[in-house]
Amino acid sequence: MKFLIKNPLSIWFLRLINSKLLEFKNKDKNLKIGYLSNLSNCTCGIYNTFYDKVSISNSTFGDFTYIGDETIIWNAKIGKFCSIGPNCKIGIGKHPAKDYVSTHPLFFSTLKQSQITFADKNYFIEYDNIEIGNDVWIGTNVIVVDGIKIGDGVIVAAGSVVTKNIPPYAIVGGVPAKIIRYRFEDYEITKLLEIKWWDMDIRWLKNNFKKLHNIDEFINNN
C-alpha cells in the first residue's frame, strides 16, 4: 500500500484529482492550481493562482494573491494582492536554541521525526503561525521562519531569510533580513494604511488603476 501511495504516478493522479476538485468547489472564485501542486486545509480568496509544484497546508489567502513554482507554505495567513516568488519556504519549523540542552525533537516533540520519541507530550512550539499583510512582494528563494509577522506593502529581496517581524512598507534583504529602506515617506505610509486600498471594491480598482501608478496622485485624490 505504501508503495502505491508513494508511486510517482499515484502522486500525480491524486494531486490532479485533488486540484480539480478544489478548482470546481471554488469555481466562483476563479481558483487556479498548477501542475503537481498540493493544497491541504486552505481557504482562498478570488483569483488566487498557485503555480507548479506548490505545497501548502493550513493557510489562508486574500484576493489576487499568487504563489510561484515550488514554494512551500505552512500555517500562514496571507493578505490580498501578494506576489510570492518561486522556491520560497514560509514556515519551516523551529528547534529550541536556548535553555534546552539538545536541539533534537526526540526530547521535546511527539511527532517522531526519528521514528520514535522520548517525550510524553509536546514541550516546545515547533510550528507557529505566520502573518503576511496585503500587497507584499516576496522574492525568489526567500525563507520566512515560524511566528513572523510581515506588514502591508513590504518587499523582501530574493534569497533573504526573515527571522524578525517587518514593519509596513519596509524593503528588507539579507541573511538575516534587515531593513534597507522604506518604500515611501512616513506620512505617505500612514495615509496608505488609513486608505487600505486593497479593501476597495474591485470595480473601483479596475476603473481607477492608473491612480496606483503614482503615490503623490493617489494620496492627494483619496
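Would you mention how many residues in segment 199-222 are surrounded by 11 or more Cβ atoms within 10 Å (Cβ to Cβ) and assigned to a loop (DSSP other than H, G, I, E, B)?
The qualifying residues number 4.
Yes or no: ASP146 under 23 Å from THR71 (Cα atoms) and out of contact with any helix residue (DSSP H, G or I) (no Cβ under 8 Å at 6 or more places or on another chain)? Give the derivation first.
Working: under 23 Å from THR71 (Cα atoms): yes; out of contact with any helix residue (DSSP H, G or I) (no Cβ under 8 Å at 6 or more places or on another chain): yes.
It is true that ASP146 is under 23 Å from THR71 (Cα atoms) and out of contact with any helix residue (DSSP H, G or I) (no Cβ under 8 Å at 6 or more places or on another chain).
Under 6 Å between Cβ atoms, at least 6 apart or on separate chains: pull out the pairs that start in segment 192-218 with a residue that is within 21 Å of GLY45 (Cα to Cα) and end on any residue that is among the basic types (Lys, Arg) and surrounded by 13 or more Cβ atoms within 10 Å (Cβ to Cβ).
Every condition considered, the pairs that remain are TRP198/LYS80.
I'm checking my understanding of the structure. Among residues of segment 111-126 that are exposed (fewer than 12 other Cβ atoms within 10 Å of the Cβ) and among the polar types (S, T, N, Q), which one is farthest from the chain's Cα centre (by Cα)?
In this case the residue turns out to be GLN115.
Are any residues in segment 67-102 surrounded by 18 or more Cβ atoms within 10 Å (Cβ to Cβ) and among the hydroxyl-bearing types (Ser, Thr, Tyr), and if so, which ones?
Of everything in segment 67-102, just one residue is surrounded by 18 or more Cβ atoms within 10 Å (Cβ to Cβ) and among the hydroxyl-bearing types (Ser, Thr, Tyr), namely THR71.
Please give the number of the condition LYS94 fails out of (1) out of contact with any Cys (no Cβ under 6 Å at 6 or more places or on another chain); (2) modelled with pLDDT of 95 or more; (3) under 26 Å from SER114 (Cα atoms).
Of (1) out of contact with any Cys (no Cβ under 6 Å at 6 or more places or on another chain); (2) modelled with pLDDT of 95 or more; (3) under 26 Å from SER114 (Cα atoms), only one is false for LYS94: (2).
Could you run through segment 112-126 and say how many residues are aliphatic (A, V, I, L, M), assigned to a loop (DSSP other than H, G, I, E, B) and in contact with a helix residue (DSSP H, G or I) (Cβ under 9 Å, 6 or more places away or on another chain)? Give the steps one after another, and end with the answer.
First pass over segment 112-126, keeping only residues aliphatic (A, V, I, L, M): 116, 119, 125.
If we keep only those that are assigned to a loop (DSSP other than H, G, I, E, B) as well, we get 119, 125.
Add one more test, that the residue is in contact with a helix residue (DSSP H, G or I) (Cβ under 9 Å, 6 or more places away or on another chain), and what stays is 119.
Of the residues in segment 112-126, 1 are aliphatic (A, V, I, L, M), assigned to a loop (DSSP other than H, G, I, E, B) and in contact with a helix residue (DSSP H, G or I) (Cβ under 9 Å, 6 or more places away or on another chain).
Quick one: which of ILE180, ILE150, ILE155, ILE166 is out of contact with any His (no Cβ under 9 Å at 6 or more places or on another chain), over 25 Å from TYR127 (Cα atoms) and not aromatic (Phe, Trp, Tyr)?
Numbers: ILE150 fails: over 25 Å from TYR127 (Cα atoms); ILE155 fails: over 25 Å from TYR127 (Cα atoms); ILE166 fails: over 25 Å from TYR127 (Cα atoms).
On inspection, the qualifying residue turns out to be ILE180.
Can you tell me which residue is surrounded by the fewest Cβ atoms within 10 Å (Cβ to Cβ) among those in segment 127-182 that are of a type in the set (Val, Ile, Thr) and part of a loop (DSSP other than H, G, I, E, B)?
Within segment 127-182, the match that is surrounded by the fewest Cβ atoms within 10 Å (Cβ to Cβ) is VAL175.
Quick one: would you say LYS196 is exposed (fewer than 13 other Cβ atoms within 10 Å of the Cβ) and not assigned by TED's automatic domain parsing to the domain that holds ASN58?
Values: exposed (fewer than 13 other Cβ atoms within 10 Å of the Cβ): yes; not assigned by TED's automatic domain parsing to the domain that holds ASN58: yes.
When the stated conditions are applied, LYS196 passes them.
Of the residues that sit in segment 51-66 and are charged (D, E, K, R) and closer than 19 Å to LEU16 by Cα, which one is surrounded by the most Cβ atoms within 10 Å (Cβ to Cβ)?
LYS53
The values are calculated or read from the model by the stated rules, or taken from the named source; none is laboratory data. Everything numeric in this text was worked out from a predicted model, so none of it was measured. Reconstructed Cβ throughout: ideal geometry from the backbone, glycine too, with neighbour counts over all protein chains shown.
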